[in-house]
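None of the figures in this text is laboratory data; all of them are computed from the coordinates on show. Nothing here was measured: the structure is a model prediction, and the numbers come from that model. Here the Cβ is made from the backbone with ideal geometry for all residues, glycine too, and neighbour counts use every protein chain on show.
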Amino acid sequence: MAPRKIRLLGLHGKGTSARIMKTQIKPIIDALGGILEVDFLDGGHVSCPYQGIESVFPRQAYYSWYEQPTAASLQSAHNRVADKLCISVDRTVKEIPKQMVSIDTTLETQGLGVYTPPETPTPSARADAAAEMSFYRSLTSQPALTTGSMGAANGSSGLIDRRLAHVAAGLDTPDSYPRTPMDAAIRPYDGLICFSQGCAVSTGLLLELGAKLGYGGTLQVQFVILICGGRPFDRKGTLERVDASGIVPIDLPSVHIQGRQDAGLEESKKLASLYSESGKQVIELDIGHCPPRRTSDVGIVAAAIRKVVSQLI
């Protein structure tokens, strides 16, 4: 029997989305398709698109994990990811449902090049994003549909209700409902692959969980891949980033992908300092603030990930 694939949860950067990240890291996943699979989760806040992102990914919804790093918004982001990982931040590991949901998440965008915009959002959100929110809210304000003969015709009582609830909840209650098919299935994950703001959120959550649960055993996450990320903000809402001197390093294998042309290179190096030296791999590439896409760069990253995975299978 072939070994199971390693499962990763992907966390996107601010002002993008799960769908966008799927395209951004596609070369890496294609190179490792035989040993891993990735699901992607949207952030819990509708966001302005990052500067320039609309020219590459137009007419889409854009999300962030938080807009301002207040204590409440950081905890909300941590809870959203922890729920997806079937882990509670109050020391309780959630039971994973026995029946998994299988949904086709195929999405390909061709000819997009390597451009990924910087970490500065545009001044205003798209008008069509606001229109989408208005539409979804209008749905939630309507009385629930009765299934009646329509439900009988579909062979499933409440089918239409559930479908409309899923659509309407996508933007108004992002912490309670899946927003896209990509984040609909609840399943165990072996690791995280994160870009930009997603790196800060995952690292902040791991620091919180590590302090409460420890690493290994109860905590199912076994390694992380961090691409052009920065340190998390202090969970107390001080607006200060976590300093390595004040924490116990995260004791998990980690792969850090840093860009020499990235304005946030020094911050990426500080992020790496929050992780244990044991099992840490730091890769510095001639890229900007973007996941690697050149064949040579992808090969280097894939080799580093294979090294980690080989110790888990």
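According to a simple spin-label model (label point 7 Å from Cα along Cα-to-Cβ), what is the distance in nm between E67 and Y215?
3.5
With a cut-off of at most 15 other beta carbons within 10 Å, and DSSP calling the residue loop, which trypsin sites (Lys or Arg not before Pro) in the stretch 231-278 qualify? Please list them. Write out the running numbers ahead of the final one.
Working: sites: R235, K236, R241, R260, K269, K270; in loops: R235, K236, R260.
Those satisfying the criteria are K236, R260.
Under the definition of Cα pairs under 8 Å and six or more residues apart, what whole-number percent is the relative contact order of the stretch 178-313?
Relative contact order comes out at 21 percent.
Just flag the trypsin sites (Lys or Arg not before Pro) in the stretch 1-92 sitting in loop per DSSP whose Cβ has no more than 15 other Cβ atoms within 10 Å.
Working: sites: R4, K5, R7, K14, R19, K22, R59, R80, K84, R91; in loops: R4, K5, K14, R59, R91.
Answer by residue number: R4, R59, R91.
Longer than 28 Å from Cα to Cα, which of K22/K270; K14/K270; K22/K212; K5/K236; K236/K270; K26/K280 are they? Say none if no pair is. If you can, show how the numbers build up before the last one.
Values: K22/K270 26 Å; K14/K270 19 Å; K22/K212 31 Å; K5/K236 37 Å; K236/K270 20 Å; K26/K280 23 Å.
In this structure, K22/K212; K5/K236 exceed 28 Å between Cα atoms.
What's the center-to-center distance, using Cα atoms, between the stretch 51-85 and the stretch 208-267 in Å?
Using only Cα atoms to place each centre, the spacing works out to 17 Å.
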